[in-house]
Amino acid sequence: MKGTIKHMAYGPPAIPVTQRSHGSLSRSDEVVLRTNNLSKQYKQRIAVNNLSLEVHKGDIFGFLGPNGAGKTTTIRMVLGLITPTSGSIEILGKELAHHRSQVLPRVGALIETPALYLYMSGRDNLRAVGSVLGGVSNKRIDEVLELVGLSARQKDRVRTYSLGMKQRLGIAIALLQDPGLVILDEPANGLDPAGIVEMRDLMHRLSSEGKSVLISSHLLTEVQQICTRVAIISQGSLVRETTIENLIRGDGEFSVQMENAAAALQLLQKEAWGKGAYIDPEGTLVTPAPEGKGRNLNLFLVQAGFVPDTLTPATRDLEKIFLELTNSGSGEIK
Ligand SMILES: Nc1ncnc2c1ncn2[C@@H]1O[C@H](COP(=O)(O)OP(=O)(O)OP(=O)(O)O)[C@@H](O)[C@H]1O
Ligand SMILES: [Mg+2]
């Protein structure tokens, strides 16, 4: 993960920046879900407040917020299950309010625990739903069973399934009509670590199938490895919408591991650009760089007689960021 700079006798070395395999790739312009100033009020309580979101084609979009933030309410509005108090929703380019019967079949969803026939097999559950929907072939049933990793257990009664398997069968149902947009409300809720890993694998598979997915969660760490973007809501309002990279990237700071960090800190703090330098609880020096460039920082330190063992862009603790954002319920973090 971390790049190591051994020496820099012959010019500044390249500073490796940790790259994620997704998220930093260019994002499709095609919007599959858009909410415009969406609000929902229950008597005096505003559950969702002026929420504007955009999910683009191919996004694995994390919809995050603590309990009661308004995630399920938003999802229910998007699925046409409840009517917004104000604002509008566009799905796959069409206004939901005016094209319900056209757009809703293009959305696959799992809200809370799926309704399953426990005495029937996984496959028969899919068949039953397929016959209600119409036009679902046996081949499609095979495909979705494969996709959610239930092929081997398809003939077993659902009663014998683990919670994770039931969740995945619920997702298989959501996928039957090959939807362009998949919406999953807390799909990992109640799952043990192994179940969460299986769910994460499934999300990766959906992503590689080219699906656009919106996943709600109250745990940032749960979705950070799979999501390309995240929207964080608190008390019904959007507090941040960005990539995971942007969320965790420090503000141009670098983490430097080196001997004599305390002495280097004193030196750095004498510089106008280095005033914000500090040593974190693990003993790592965290500092801004001249002109924000790692190579300049490296040069400065080496010329002053301090040779970094490692020098990497600083990242921030995601859980802390999430708590800061959602506790304050207000915009930017420091
Ligand atoms: N039918 C309803 N009548 C009145 N208030 C409601 C109703 N549904 C939701 N609320 C309120 O709206 C707010 C948002 O609830 P919502 O279920 O959308 O949150 P959530 O983000 O999904 O939370 P959780 O993580 O617990 O699932 C809460 O304060 C909740 O009590
Ligand atoms: Mg909810």
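Data table
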| read-out | value |
| --- | --- |
| Test: residue in the range 235-245 that is touching a helix residue (DSSP H, G or I) at 6+ places or on another chain (Cβ under 9 Å), within 16 Å of ligand 2 (Cβ to nearest atom) and modelled with pLDDT of 90 or more | yes |
| Qualifying residue in the range 36-45 (condition: at pLDDT 95 or above, over 30 Å from residue 248 (Cα atoms) and open to solvent by less than 50 Å² (accessible area, probe 1.4 Å)) | yes |
| Cβ pairs under 6 Å, 6+ apart, first in the range 69-86 and more than 14 Å from residue 98 (Cα to Cα), second within 13 Å of ligand 2 (Cβ to nearest atom) and of a type in the set (S, T, N, Q) | 71/216 |
| Answer from 236, 210 - the residue that is more than 16 Å from ligand 1 (Cβ to nearest atom) and on the phi > 0 side of the Ramachandran plot | 210 |
| Which listed residue, of 130, 134, is touching a residue at least 24 places away in the same chain (Cβ under 8 Å) and of a type outside the set (Val, Ile, Thr) | 130 |
| Residue in the range 197-215 that is polar (S, T, N, Q), open to solvent by less than 10 Å² (accessible area, probe 1.4 Å) and either touching a Lys or Arg at 6+ places or on another chain (Cβ under 9 Å) or away from ligand 2 (no atom under 16 Å from the Cβ) (or both) present | yes |
| Members of the range 148-194 that are within 16 Å of ligand 1 (Cβ to nearest atom) and part of a loop (DSSP other than H, G, I, E, B) | 186, 187, 188, 189, 190, 191 |
| Residue in the range 57-75 that is open to solvent by 40 Å² or more (accessible area, probe 1.4 Å), within 11 Å of ligand 1 (Cβ to nearest atom) and in a strand (DSSP E or B) present | no |
| Of the criteria (1) within 30 Å of residue 321 (Cα to Cα); (2) modelled with pLDDT of 95 or more; (3) part of a loop (DSSP other than H, G, I, E, B), which one residue 26 fails | (2) |
| So residue 109, is it part of a loop (DSSP other than H, G, I, E, B), out of contact with any Phe, Trp or Tyr (no Cβ under 9 Å at 6 or more places or on another chain) and more than 13 Å from ligand 1 (Cβ to nearest atom) | no |
| Residues satisfying the stated conditions in the range 225-274, i.e. of a type in the set (A, V, I, L, M, F, W, C), more than 15 Å from the chain's Cα centre (by Cα) and open to solvent by less than 60 Å² (accessible area, probe 1.4 Å) | 254, 256, 258, 261, 263, 264, 265, 267, 268 |
| The range 286-301, subset more than 30 Å from the chain's Cα centre (by Cα) and among the polar types (S, T, N, Q), residue most open to solvent (accessible area, probe 1.4 Å) | 296 |
| Which numbered condition residue 222 fails, given (1) assigned to a strand (DSSP E or B); (2) open to solvent by less than 50 Å² (accessible area, probe 1.4 Å) | (1) |
| Candidates 79, 51 - the one that is within 16 Å of ligand 2 (Cβ to nearest atom) and open to solvent by less than 10 Å² (accessible area, probe 1.4 Å) | 51 |
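The values are calculated or read from the model by the stated rules, or taken from the named source; none is laboratory data. Remember, it's a predicted structure, so these values are computed and weren't measured experimentally. Don't worry about glycine lacking a Cβ; one is built from the backbone with ideal geometry, like all the others, and counts go over all protein chains shown. In case anyone asks, the SASA skips ligands and DNA or RNA and just uses the protein heavy atoms, side chains included. Shrake-Rupley method; radii C 1.70, N 1.55, O 1.52, S 1.80 Å.
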